[in-house]
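In what follows, a single structure is set out as structure tokens and then discussed.
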Amino acid sequence: MQLDAEGHAVLPGLLGADVARRLAGQTTALAASRTTLESMDLGRGELFYFGAGMPAPLEQWRVALYRRLVVVANHWNETLGVGQRYPAEIEDFLLRNRKAGQMSSQSYLSRLGVDGHMALHQRNDDEEVFPLQIVALLSEPGADFEGGEFVMVEQRPRMQSRPSVLPFKLGDAAIIATAERPFKGTKGYYRVNLKHAISRVRKGERIGLELSFHDAL
């Protein structure tokens with residue numbers, strides 16, 4: 001299974017070109033708040049965060065994907081000897097978020113123009129963190145923009161970091177590890193740390209999507 005082996009799995013055409021274009025065209029209309037990557041010291045570009053409720057079909061996809069991925073998440077925790085288990089439905093998990101004070105959505109649309117980029121980062125600062133998330137591309141490489149590759153970097157103990165570039169096309173999505181995943185070494189399983197980034201956009205405008213299953217403080 002690629003998700004276990006690599007910490008990511010590309011889902012070609014999950015959104016479809018029409019849905020991707022429609023979401024990209026509604027970037028500002030769908031957002032509850034806007035911030036810049038510069039203000040977060042994370043690069044150059046804009047992030048448009050969703051509010052408490054996301055637009056259809058994103059909310060339906062989030063609910064459906066959680067139901068499938070919670071099996072993987074619980075397996076990863078079991079493999080790593082972590083006692084926490086995630087409930088079968090996302091609403092029950094978000095209730096845990098609210099009890100922990102995590103009420104701010106972490107899901108957003110990103111807009112990167114020429115020289116826009118996103119530095120390596122991960123979203124696991126809070127108490128309740130789901131170990132998987134979704135990223136998608138809402139623009140067409142080579143037509144809407146050039147550059148802007150989605151990059152993941154895996155850091156294993158006592159080994160050099162390993163970068164991977166995910167080959168996104170318009171409407172493609174991927175499941176990625178939020179921060180850590182189990183890796184089987186010669187002496188059993190251990191944690192590897194993952195971060196993701198977007199390389200510099202050389203031409204045009206890149207619009208992307210990031211869906212998180214947990215909220216933030």
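The values are calculated or read from the model by the stated rules, or taken from the named source; none is laboratory data. These numbers come from a predicted model, not from an experiment. Note that each Cβ is placed from the backbone with ideal geometry, even for glycine, and that neighbours are counted across all protein chains shown.
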| Out of (1) within 20 Å of Gly116 (Cα to Cα); (2) at pLDDT 95 or above, the odd one out for Thr28 is which? | (2)
| remark: Conditions (1) of a type in the set (A, V, I, L, M, F, W, C); (2) in contact with a Phe, Trp or Tyr (Cβ under 9 Å, 6 or more places away or on another chain); (3) surrounded by 17 or more Cβ atoms within 10 Å (Cβ to Cβ) -> Trp76 fails only (2)
| note | Of (1) within 28 Å of Ala5 (Cα to Cα); (2) β-branched (Val, Ile, Thr); (3) assigned to a helix (DSSP H, G or I), Val82 fails just (3)
| request: Specify which of the listed residues (Lys187, Lys169) is at pLDDT 95 or above and basic (Lys, Arg). | output: Lys169
| request: Go through the stretch 63-118 and give me each residue that's of a type in the set (Asp, Glu), more than 19 Å from Glu180 (Cα to Cα) and over 20 Å from the mean Cα position of the chain (by Cα). | output: Asp92, Asp115
| request: Mind listing whichever residues of the stretch 74-99 are touching a residue at least 40 places away in the same chain (Cβ under 8 Å) and of a type in the set (A, V, I, L, M)? | output: Leu80, Ile90, Leu94
| note | Those residues of the stretch 85-114 which are hydroxyl-bearing (Ser, Thr, Tyr) and outside any loop (DSSP other than H, G, I, E, B) amount to Ser104, Tyr108, Ser110
| task | Could you tell me which of the residues Ala143, Ala136, Ala177 is small (Gly, Ala, Ser) and closer than 14 Å to His214 by Cα? | result | Ala177
| When the residues of the stretch 32-53 are filtered to those that are in contact with a strand residue (DSSP E or B) (Cβ under 7 Å, 6 or more places away or on another chain), part of a loop (DSSP other than H, G, I, E, B) and at pLDDT 95 or above, which remaining residue is surrounded by the most Cβ atoms within 10 Å (Cβ to Cβ)? | Gly45
